[in-house]
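S.K.: What follows is a structure written as structure tokens; I'll ask about it next.
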Amino acid sequence: MDHSIGPKSLAAFDRARALIPGGVNSPARAFGAVGGSPLFIDRAEGAYIFDIDGRRFLDYIGSWGPMILGHACPEVVDAVVRAVGRGSSYGAPTEAESELAEQIIDAVPSIERVRLVNSGTEATMSAIRVARGATGRDKVIKFAGNYHGHVDSLLVAAGSAAATLGVPDSPGVTAGAGGDTIVLPYNDVAALEEAFNQHGSKIAAVILEPVVGNMGLVIPSSEFLNSLRSITEKAGTILIFDEVMTGFRLAYGGAQQRFGITPDMTTLGKIVGGGMPLAAYGGRADIMDQVLPAGKVFQAGTLSGNPVAVAAGSATLRILKEESPYDSLDKMGDRLSEGLADAATAAGVPHQVQHVGSMVTLFFNPDPVRNWDDADRSDREAYARYFWGMIGEGIYMPCSQFEALFFSRVHTEAMIDQTIDAAKKVLASF
Ligand SMILES: *Cc1c(COP(=O)(O)O)cnc(C)c1O
């Protein structure tokens, strides 16, 4: 197996490991799930990322979702440079924040008011607090394999790096913090009905990824989404779509627009910050007006609505609205998915390719993946072989079976075809 990590990246990882836990500032980056040492990055441009050994890779991580316009998009870079020259933080309101809020409210069907925060974790943490404050109830339902950031109460049966690294329930999360969280299997309407029959009047919120990216790509059944909406409405429970990954990715208005289901609250991150640390939560005005200083639910942030991050987010949304690349991204997603499936079929490798738009997962699994138990039966070792094979071909895929790949509006048909050819070669060697 050619691990293909250059000497500079290896040395950089040794240095980092003595300084930073595990050598990384977020666990998904450490390549732990595929065994080996991560590439250290020098720069990125368009569809490509360059490591410090001077090698170029076609990038299918895109910073785990934000880079839908491609890396170093000139308009976004200009907006950031202009903003930072005017001072990088004031701790006071700006008109640019209202501009971005207008863009978000215009885009996302469920959002009438929105609060800007700094990370997806903060967005989901705050949304849960507001839902509890607004309903006066304690319990929250989440789904196994869904990831909502490292919020204590949601770090139970969590996806993404938590699943990848085998700590879906983290040490340090107290029984109290997790005790009001009910975990259900995804796509299981009977389990949802049963939970509401038992606890209905105590459930403040249901939070979910409306298309899951964090256990690999898992698609919700329309029965599941419809039941979620009708059951929560009947019970007076707040339905929260965690669209940190899917917002502005699966449609300009996110998964809720794509599937025509309107939740009560929505969390956003990744694309909304255009590659800068910015996220948001919003929803119905009567719910959001519970937040201080309009209401009494406390939530604050020294750098929230940071002018540099707002400039990046605002420029990104402006381009997405003007260009509306979603039809083209859908076509490319179909092309990539069919190509990867054909490559696996030709090689006789048991597989499922699941995708929505520009989010795709090749599962090394003979059966459809509808929930975490299905995902967990995938062949992680086969995924690791595939990952390193693709690295050898100059293609940077997500370093875990339980992460979706992302591509951008600057990934061309030729690049997609090159990726399919590489996959054919890699899978044929299995
Ligand atoms: C990435 C992600 C988060 C966490 O966002 P951070 O900015 O990493 O804190 C939350 N929910 C979903 C669905 C995500 O994909």
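The values are calculated or read from the model by the stated rules, or taken from the named source; none is laboratory data. Just so you know, these numbers come straight off a predicted model, no measurement behind them. As a convention, Cβ positions derive from the backbone with ideal geometry for all residues, glycine included, and neighbour counts pool all protein chains shown. Accessible surface is based on the protein model in full, side chains and every heavy atom, while ligands, DNA and RNA are left aside. Shrake-Rupley method; radii C 1.70, N 1.55, O 1.52, S 1.80 Å.
S.K.: Set the Förster radius R0 to 25 Å, insert the Cβ-Cβ distance between Thr174 and Arg17 as r into 1/(1 + (r/R0)^6), and round the FRET efficiency to 0.05.
M.R.: Calculated transfer efficiency: 0.30.
S.K.: Suppose accessible area is computed on protein heavy atoms with a 1.4 Å probe; arrange Ser314, Ser221 from highest to lowest.
M.R.: Ranked from most to least accessible, the order is Ser221, Ser314.
S.K.: Enter the accessible area of Arg129 (Å², nearest 10), with the probe set to 1.4 Å and all protein chains included.
M.R.: Here the residue's solvent-accessible area equals roughly 100 Å².
S.K.: PRE reach from Ser324 (point 7 Å along Cα→Cβ): which of region 242-262 fall under 14 Å by backbone N?
M.R.: Answer for this model: 251-254, 258.
S.K.: Right, something else. Report, for the chain, the % of DSSP beta bridges that are antiparallel, rounded to 5.
M.R.: Around 55 percent of the beta bridges assigned by DSSP in the chain are antiparallel ones.
S.K.: Can you show me the helix-derived [θ] at 222 nm for the chain, built from DSSP H runs with n ≥ 4 at -39,500 (n - 2.57) apiece and divided by the number of residues, rounded to the nearest 500.
M.R.: So the helix-based figure for the chain works out to -12000 deg cm²/dmol.
S.K.: Between Arg229 and Ala300, what FRET efficiency comes out of the Förster formula 1/(1 + (r/R0)^6) with R0 = 35 Å and r the beta carbon distance, rounded to 0.05?
M.R.: Once the sixth-power term is evaluated, E becomes 0.65.
S.K.: Per residue, what accessible area does the chain have, given a 1.4 Å probe and all protein chains present, in Å²?
M.R.: 40
S.K.: What list of ³J(HN,Hα) couplings, whole Hz, do you get for region 416-430 from phi and the Karplus terms 6.51, -1.76, 1.60, once you set θ to phi - 60° and write x for glycine and proline?
M.R.: 3J(HN,Hα) across region 416-430, in whole Hz: 4, 5, 4, 5, 5, 4, 4, 5, 4, 5, 5, 6, 5, 7, 5.
S.K.: Here's a follow-up. In the structure shown, do any of Lys202/Lys296; Lys139/Lys270; Lys139/Lys296 have a Cα-Cα gap over 30 Å, and if so which?
M.R.: Where the Cα-Cα span goes over 30 Å, no listed pair is concerned, since all stay within it.
S.K.: For the pair Asp342 and Asp78, how long in nm is the line joining their label points, each one 7 Å along Cα→Cβ?
M.R.: Reported label-point gap for Asp342 and Asp78 is 3.9 nm.
S.K.: Sorted by accessible area (1.4 Å probe), largest first, how do Glu233, Glu194 line up?
M.R.: Glu233, Glu194
S.K.: Using 0.36 nm per residue of separation minus the Cα-Cα distance, give me the extension gain between Arg43 and Asp334 in nm, one decimal.
M.R.: Full extension of this stretch gives 101.9 nm more.
S.K.: A follow-up question, please. Quick one: which residues, 5 or more positions from Val291 or on another chain, have an amide H under 5 Å from its amide H? H modelled 1.01 Å from N in the peptide plane, none for Pro or chain starts.
M.R.: Here the answer is Val297, since their amide H atoms fall under 5 Å of that of Val291.
S.K.: Which peptide among 249-256, 82-89 comes first, and what is the full order, when sorted by highest mean count of other Cβ atoms within 10 Å?
M.R.: In descending order of packing, they fall as 249-256, 82-89.
S.K.: On the accessible surface of region 74-323, probed at 1.4 Å, how many percent belong to carbon and sulfur atoms?
M.R.: Taking all protein chains in place, region 74-323 shows 52 percent carbon and sulfur surface.
S.K.: Evaluate the distance, in nm, between pseudo-label points positioned 7 Å from the Cα of Ala190 and of Asp286 along their respective Cα→Cβ axes.
M.R.: Going by the 7 Å Cα→Cβ label model, 3.5 nm.
S.K.: On a 1.4 Å probe surface of the protein chains, which of Thr121, Thr232 comes out largest in accessible area, and what is the full order?
M.R.: Greatest to least solvent exposure: Thr121, Thr232.
S.K.: While we're on this one: If packing is taken as the average number of other Cβ atoms within 10 Å across a peptide's residues, how do 282-295, 206-219 rank, most packed first?
M.R.: 206-219, 282-295
S.K.: Just the Cα atoms of region 74-323, one point each, no solvent: what log10 I(q)/I(0) does Debye give at q = 0.13, 0.16, 0.17 Å⁻¹?
M.R.: Once normalised to I(0) and log-transformed, intensities are -0.77, -1.15, -1.29.
S.K.: Within 10 Å, count the other beta carbons around each residue, average over each peptide in 14-25, 178-189, and list them highest first.
M.R.: Ranked by mean Cβ neighbours within 10 Å, highest first: 178-189, 14-25.
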